[in-house]
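Presented below is the structure to which this report refers.
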Amino acid sequence: MANDPNVDRRSVLRGLGVLALAPGIPQAHAERITAETALQSSTPSHSSPKNSESEGKRRLSRFLRMRTSPDGAPVLWVYSGVLVVKPEGEVARPVARIAGLSKSLATSISDDRWLWTLDEAGYFCDLESGGIADELINPFTGRAVRPRHYRSPQKLIFGWQNIVPGEPLDPKIEFRGEITELARIAGTIAMTEDLYVKLPAVAPRGDQPGRPARFAASLATFSSKEIQFSRPDTEWMECQFNYTTLNSIVGWLEMSAVAGVQDMRLIGVKIPVSATNLVPSELLRRVSEDHPGLLDH
């Protein structure tokens, strides 16, 4: 994966508004494709009998129950993890810890489609102390760098066949999204939300350098105890997630001349939107100060 200092998972998938990341495609003249068109033209991600409409709708129903609140209110996801970087030809190393939270809500827009809206804030943290850091040492260069903490609103449309962007994309951008049942192991059901994006290569233009095609993979696994699915739909369902992204090395590490990949590895849990007492105190304070309104409900 070619390195681009201006691209990371948060920027590629931020609202899936990736038109802004495609220099060389004049936005005013770019042909756009709506989420409705994408839904109608996309083919199912699996062609086996298990991808029948009835099974697909059951799978979507299970997935939404894991991801949402029984009263339809927004939910919070609180997470932590690590940013791992692997320059080409070198051994991978952890660079920073990560702490963040997101607020999400699913709204029905038809019998079998749901608009998923998410607002997220995250922070890069010191590897040793875990505290939110405004400066870190890049272990590959030995230089001090300033982490770019993030705020990331996103929109998707969940359907029984696939996931499509919640906002228009340029047709030259390839997007594939799918919900699958990954496994049933020892009384636990694991389901996935997998997003794959390819931005086309851009030829040099004037004094603007070209760049090769860029790729991003956003892979989330949600797990709940199987017994919870036998309980009434009106009961809260506990759920945790494991998340990984594969992408070009983030720009704030100041390694623009280095090819390589990075991986954000996260684990988190779903909590009621009112249960902010369960959010780590430093994270809660920073989100409240930096992003007023994010925690409103």
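The values are calculated or read from the model by the stated rules, or taken from the named source; none is laboratory data. In this text the structure is predicted, and so the values were computed from the model without any measurement. Please note: Cβ atoms are built from the backbone with ideal geometry, for glycine as well, and neighbour counts cover all protein chains shown.
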Query - Filtered residue count, the stretch 60-117, keeping only those that are among the hydrophobic types (A, V, I, L, M, F, W, C), touching a strand residue (DSSP E or B) at 6+ places or on another chain (Cβ under 9 Å) and surrounded by fewer than 18 Cβ atoms within 10 Å (Cβ to Cβ) - result: 7
Requested in this report: Only residues that are surrounded by fewer than 17 Cβ atoms within 10 Å (Cβ to Cβ) and in contact with a Leu (Cβ under 9 Å, 6 or more places away or on another chain): list them for the stretch 218-243, please.
Outcome: Leu219
Report task. Scan Glu174, Glu167, Glu178, Glu120 and give me the residue that is under 15 Å from Tyr196 (Cα atoms), surrounded by 15 or more Cβ atoms within 10 Å (Cβ to Cβ) and either at pLDDT 95 or above or not aliphatic (A, V, I, L, M) (or both). Result -> Glu178
Query raised in the report: Which ranges mark the strands (runs of 3 or more DSSP E) fully within the stretch 64-144 that have 1 or more residues being in contact with a Lys or Arg (Cβ under 6 Å, 6 or more places away or on another chain), farther than 23 Å from Ser256 by Cβ and of a type outside the set (Asp, Glu)?
Result: 75-87, 113-125
Requested in this report: Name the one entry in Trp252, Trp236 that is within 30 Å of Arg143 (Cβ to Cβ) and either free of Cβ contacts under 8 Å to residues at least 40 places away in the same chain or of a type in the set (A, V, I, L, M, F, W, C) (or both).
Outcome: Trp252
Query - Candidates Arg231, Arg265, filtered to the one that is within 23 Å of Ala121 (Cβ to Cβ) and out of contact with any helix residue (DSSP H, G or I) (no Cβ under 8 Å at 6 or more places or on another chain) - result: Arg265
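So which of Thr221, Thr234, Thr244 is closer than 24 Å to Trp160 by Cβ and under 23 Å from the mean Cα position of the chain (by Cα)? Let's see the steps before the verdict.
Working: Thr234 fails: under 23 Å from the mean Cα position of the chain (by Cα); Thr244 fails: closer than 24 Å to Trp160 by Cβ.
Going through Thr221, Thr234, Thr244 in turn, just one is closer than 24 Å to Trp160 by Cβ and under 23 Å from the mean Cα position of the chain (by Cα): Thr221.
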